[in-house]
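The values are calculated or read from the model by the stated rules, or taken from the named source; none is laboratory data. These numbers were taken from a predicted model, which means no experiment stands behind them. Here Cβ is always computed from backbone atoms with ideal geometry, including for glycine, and neighbour counts include all displayed protein chains. Areas reflect the complete protein model, heavy atoms only, side chains present, ligands, DNA and RNA absent. Shrake-Rupley method; radii C 1.70, N 1.55, O 1.52, S 1.80 Å.
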Protein chains: 2
Amino acid sequence: MEPRKRPGGRSARVRDAVRQATLAELAEHGYAGLTVENVAERSGVHKTTVYRRWGGVEGLISDALELAGEEPWPIPDTGSIEGDLRGIVQLVRNGFDDPELGPVSSAFVAAAIQDPAAARALHDFFAARHEQSAEVVRRAIERGELPDVVDPSEVIRVAVAPVYYRLFVAHEPVSEHDADRAAAAALAAARAGVL
Amino acid sequence: MEPRKRPGGRSARVRDAVRQATLAELAEHGYAGLTVENVAERSGVHKTTVYRRWGGVEGLISDALELAGEEPWPIPDTGSIEGDLRGIVQLVRNGFDDPELGPVSSAFVAAAIQDPAAARALHDFFAARHEQSAEVVRRAIERGELPDVVDPSEVIRVAVAPVYYRLFVAHEPVSEHDADRAAAAALAAARAGVL
DNA sequence: CTCCAAAAACAACTCCAGTTGCGTTATGTG
DNA sequence: CACATAACGCAACTGGAGTTGTTTTTGGAG
């Protein structure tokens, strides 16, 4: 018989310790400063164990990303598509502005650009987010606020894209006003039926 | 008298050789695979020289970025804001699609996310591009195609942002249709006067 | 042409990420 | 309760990135 793992077993404890240490290290030193040795020391797990089970920093990132992708996030329901879209975009902006979550989220983006495995994990992460967020657009279509030809997830992408673009590509600051404007632009395009 | 450097001097030769080697290495191995030793060997310059003059991989990237930012790029002039915007967004898409330029451009984005100096260099690079590209919007305003309340560079940002978002954040493929749709969305928002 | 200063080359070294072989411990099963 | 096995811990090793002290070359001024 194959030995069945129990949730409280040693392996499970090691995995949780390493995951938590990875997130803590990412928050403190970012992706560039993430080393297996530091994660091993912080978690109390020997570094060879980390290397064998996770393979390296890429594995640590991918694992942490899958974990982060499992928990859903609070989609707003303000009653109007305008309020909902603004809420989503502000949620994104605040997520990176926050000194706690910001570095970790940024680290995920940085990792995915360089590592194929992390890229796949981040792709799945955003696919899930798009799917969840698209609900506000579908509701707006049902209410008759938007034409039913629009692609719900595409509206989401166009709404949040300028925030990410400023943060990770152009490296410009993102004000609340910038975020609102991005949401308004996506809404205008959706109303015009071009999305 | 201070000795004046001439363009053909040894230092200039070394600098050019290292710059060219850096671009070649970036194209082949990307940012993650960029090492000072490989650049040194490829350029025929000793690695200590590279370390002392450039400081490390970050310096190599920043230097190459400044170089790339100096050359302007071909802003379209099709006669209509619709054609111009589509042209710009397709230009961006093709730049990353191209097997020659793509890896280098991607490497710049990756480097800037992790290194502050590269981030500043990329910021300046995009500021220059926004300024140049905004010309097509200013022309459209003069022609009366767009209301004069719109922010020209913001239209550019919103137009290109979805392409970068798909490429570097969500890690989704970007079709020509996707690029056109992004341009159309920015245009619709600009016509509505929300940008 | 000569000589000086700056920059590059060279060699030897340090340090740390990552690997390997082996011993030890814990988990679930009979 | 004892045992088999998978997972972890441990120590020693490897290799390459990055550093330092010194010597050699080169460009240009007088």
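Annotations
- Selection from segment B:7-40 of residues that are part of a helix (DSSP H, G or I), over 24 Å from residue B:114 (Cβ atoms) and more than 10 Å from DNA strand C (Cβ to nearest atom): B:16
- Where a residue in segment B:103-115 is within 18 Å of residue A:166 (Cβ to Cβ) and within 7 Å of chain A (Cβ to nearest Cβ) and its partner, wherever it lies, is among the hydroxyl-bearing types (Ser, Thr, Tyr) and open to solvent by 20 Å² or more (accessible area, probe 1.4 Å), with Cβ under 9 Å and at least six apart: B:109/B:31; B:110/B:31; B:113/A:31; B:113/A:106; B:114/A:31; B:114/B:31
- When residues of segment B:152-195 are limited to those that are more than 8 Å from chain A (Cβ to nearest Cβ) and hydroxyl-bearing (Ser, Thr, Tyr), the one surrounded by the most Cβ atoms within 10 Å (Cβ to Cβ): B:153
- Residues in segment A:23-67 that are within 14 Å of chain B (Cβ to nearest Cβ) and of a type in the set (A, V, I, L, M) were compared, and the one that is surrounded by the most Cβ atoms within 10 Å (Cβ to Cβ) is A:61.
- Looking across segment B:126-151, the residues that are more than 10 Å from chain A (Cβ to nearest Cβ) and open to solvent by less than 30 Å² (accessible area, probe 1.4 Å) come down to B:133, B:134, B:136, B:137, B:140, B:146, B:150.
- Residue A:166 under 22 Å from the mean Cα position of the chain (by Cα) and charged (D, E, K, R): yes
- When restricted to residues that are among the aliphatic types (A, V, I, L, M), under 24 Å from residue B:10 (Cβ atoms) and more than 11 Å from DNA strand D (Cβ to nearest atom), segment B:20-48 contains 4.
- Residue satisfying all of: in segment B:50-87; more than 17 Å from residue B:141 (Cα to Cα) and among the acidic types (Asp, Glu); farthest from DNA strand C (Cβ to nearest atom) among these: B:71
- Residue selected from segment A:49-72 under the condition in contact with a helix residue (DSSP H, G or I) (Cβ under 7 Å, 6 or more places away or on another chain) and not in a helix (DSSP H, G or I), by the criterion modelled with the lowest pLDDT: A:72
- Just one of the numbered conditions (1) open to solvent by 60 Å² or more (accessible area, probe 1.4 Å); (2) modelled with pLDDT of 95 or more; (3) more than 14 Å from DNA strand D (Cβ to nearest atom) is not true of residue B:76: (1).
- Qualifying residue in segment A:111-118 (condition: within 16 Å of DNA strand C (Cβ to nearest atom), under 16 Å from the mean Cα position of the chain (by Cα), surrounded by fewer than 18 Cβ atoms within 10 Å (Cβ to Cβ) and small (Gly, Ala, Ser)): yes
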